[in-house]
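*Asks:* For reference, the structure I am asking about is given below.
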Amino acid sequence: MVNSIGSQNQLVKIWTNQKCHEDQDQIAREVPVALVYNDISHVVMMATPTDLEAFAIGFSLSEKIIKSVGEVYSIEVSEGDLGIEISLKVSNRSFEKLKERRRNSIGRTGCGVCGVESLKQIELAHAPVLANCELSHGAIDAAARLMQNYQPLQSATGAVHGAAWCDEGGNILKLLEDVGRHNALDKLIGNLALEKKLTQQELNMGFALVSSRASYEMVQKVASVNISVLVAVSAPTNLAINLANKADLTLVGFARDGRHICYTNAKRLKSA
């Protein structure tokens, strides 16, 4: 069943077989969501209003505002006429780092490099990931085939992306949805963090699967939390491939219909 806060009913007119009739259609919700740190507004994202605590944690981790969930002391979500505000109380160290980034006008905001004023500020290098998930090509095929079964909001609306956490056998353990592909991935990262799944041991036994293309910022997000394998159902970009190589991350694209392409670090993929 679709979470009612993620979609809404809309009366529509449908034209089919040269006839027109009225019906109810489910529409994905997209609302402004403001992330506020220690009473200072940092960014407003357009997002699906589900799993907002996970979204806030995942965004904070993947954008390197915090290093761990322990640096977030409280989260409050409030909805008003203009949208939703997520207020986070973070450690002084995290807040000082955030203020320094704001002074330098470096504001990566999910879209990758929004707010960056010069080419020199773009992060093209990344430390190698620490995890090492080894899996079979069959596991990738299995997860890609199963993905649509775990996307109720996408099935109802056709308008959202999904980001899944899968085990070495290709079983989908968790999937989060959002109108934004970056948001869906942040929700997944946040959920894993809240469930204490971002440990070395857990990360060695799983990989991320996304229903979108693999762009630079998607690779950056998974690498920032030491996920070692990213599988996308669509294509990667050249910058994503370059960053995955530098981060020693295994990047797989076009995972669908019993076929996929490994672009970097195939050493983690086994034939069986």
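Bear in mind that the values in this text are calculations on the coordinates, not laboratory data. Remember, it's a predicted structure, so these values are computed and weren't measured experimentally. Methodologically, a virtual Cβ is constructed for each residue, glycine included, from the backbone with ideal geometry; neighbour enumeration extends over all protein chains shown.
*Asks:* Quick one: check the C-alpha center-to-center distance for the stretch 32-97 versus the stretch 232-261, whole angstrom.
*Replies:* 29
*Asks:* Moving on to the next point. Please list, in chain and number order, the residues 5+ apart from HIS161 or on another chain whose amide H is under 5 Å from its amide H, with Hs placed from the backbone.
*Replies:* ASP178, VAL179, GLY180
*Asks:* In the chain, if the dipole is taken from +1 on Lys/Arg beta carbons and -1 on Asp/Glu beta carbons about the Cα centre, which of GLN220, TYR73, LEU153 is farthest to the positive end?
*Replies:* GLN220
*Asks:* Taking the Cα centre of the chain as origin, work out the dipole magnitude from +1 charges on Lys and Arg Cβ and -1 charges on Asp and Glu Cβ, in debye rounded to 20. Write out the running numbers ahead of the final one.
*Replies:* Numbers: 28 positive and 29 negative charges, 182 e Å.
Approximately 880 debye in magnitude.
*Asks:* Still on this structure, please answer the following. Step through the residues of the stretch 46-55 one at a time and calculate ³J(HN,Hα) from phi using the Karplus curve (6.51 cos²θ - 1.76 cosθ + 1.60, θ = phi - 60°), rounding each to whole Hz and writing x for Gly and Pro.
*Replies:* So the J values, rounded to whole Hz, are 8, 8, 7, x, 10, 6, 6, 5, 4, 4.
*Asks:* In whole Hz, with x marking every Gly and Pro, tabulate ³J(HN,Hα) for the stretch 199-205 from phi via Karplus 6.51 cos²θ - 1.76 cosθ + 1.60, θ = phi - 60°.
*Replies:* 8, 4, 5, 5, 5, 5, 10
*Asks:* Tell me, THR16, THR264 in order of fewest to most beta-carbon neighbours within 10 Å?
*Replies:* Ascending number of Cβ neighbours within 10 Å: THR16, THR264.
*Asks:* Then there's this: Could you please report the charge total around SER74, scoring K, R as +1 and D, E as -1 over all other residues with beta-carbon less than 14 angstrom from its beta-carbon? All intermediate terms of the calculation are to be shown ahead of the outcome.
*Replies:* Details: positive: LYS89; negative: ASP39, GLU53, GLU71, GLU76, GLU85.
For residues surrounding SER74, the net value is -4.
*Asks:* Sticking with this one: List the lysines whose alpha-carbon lies under 18 Å from that of LYS97, not counting same-chain residues fewer than 8 positions away?
*Replies:* LYS64, LYS67, LYS89
*Asks:* Explain nothing, just compute: Karplus ³J(HN,Hα) = 6.51 cos²θ - 1.76 cosθ + 1.60, θ = phi - 60°, for every residue of the stretch 62-77 in order, whole Hz, x for Gly and Pro.
*Replies:* 6, 9, 6, 6, 10, 9, 7, 4, x, 7, 9, 8, 7, 9, 10, 10
*Asks:* Can I ask one more? Sum up the lysine pairs in the stretch 153-272 that clear both bars: alpha-carbon distance under 15 Å and a spacing of 8 or more or different chains. Write down the numbers at each step before the final one.
*Replies:* Values: LYS174/LYS187; LYS174/LYS196; LYS174/LYS197; LYS187/LYS196; LYS187/LYS197; LYS187/LYS221; LYS221/LYS246; LYS246/LYS267.
So the count works out to 8.
*Asks:* If the elastic network links every pair of Cα atoms under 10 Å, which of VAL225, VAL12, VAL69 fluctuates the most in the Gaussian network model of the chain?
*Replies:* VAL12
*Asks:* Please enumerate, by chain and number, the aspartates and glutamates with C-alpha under 19 Å from the C-alpha of LYS13, excluding those fewer than 8 residues away in the same chain.
*Replies:* Excluding near neighbours in sequence, the set is GLU22, ASP23, ASP25.
*Asks:* Please report the relative contact order for the chain, taking Cα pairs under 8 Å with a sequence separation of at least 6, and give it as a percent rounded to a whole number. Don't skip to the end; give the middle numbers.
*Replies:* Numbers: 607 pairs, mean separation 51.1, N = 272.
Relative contact order, the chain: 19 percent.
*Asks:* Sticking with this one: Which of the lysines could a cross-linker bridge to LYS19, judged by Cα under 19 Å and excluding same-chain residues fewer than eight apart?
*Replies:* none
*Asks:* Continuing with the same structure: Sum up the charges of everything whose Cβ sits under 10 Å from the Cβ of ARG93, counting Lys and Arg as +1 and Asp and Glu as -1, but leave ARG93 out. Walk me through the numbers on the way to the answer.
*Replies:* Working: positive: LYS67, LYS97; negative: GLU71, GLU96.
For residues surrounding ARG93, the net value is 0.
*Asks:* Amide H neighbours of ALA235 under 5 Å, at least 5 residues apart or on other chains, H built in the peptide plane: list them.
*Replies:* Under 5 Å from the amide H of ALA235 lie the amide H atoms of ALA214, PHE254, each far enough along the sequence or on another chain.
*Asks:* Next question. Taking every DSSP beta bridge with both residues inside the chain, roughly what % is antiparallel (nearest 5)? List each step's numbers first, then the result.
*Replies:* Values: 39 of 53 bridges.
Rounded to the nearest five, the antiparallel share is 75 percent.
*Asks:* Sticking with this structure for a sec: Using a cut-off of 11 Å between beta-carbons, work out the net charge of the residues near GLU134 (Lys and Arg +1, Asp and Glu -1, GLU134 not included).
*Replies:* Summing Lys/Arg as +1 and Asp/Glu as -1 gives +2.
*Asks:* Here's something else I'd like to know. What is the order of ASP23, ASP248, fewest Cβ neighbours within 10 Å to most? Let's see the in-between values first.
*Replies:* Values: ASP23 9, ASP248 19.
Fewest-to-most Cβ neighbours within 10 Å comes out as ASP23, ASP248.
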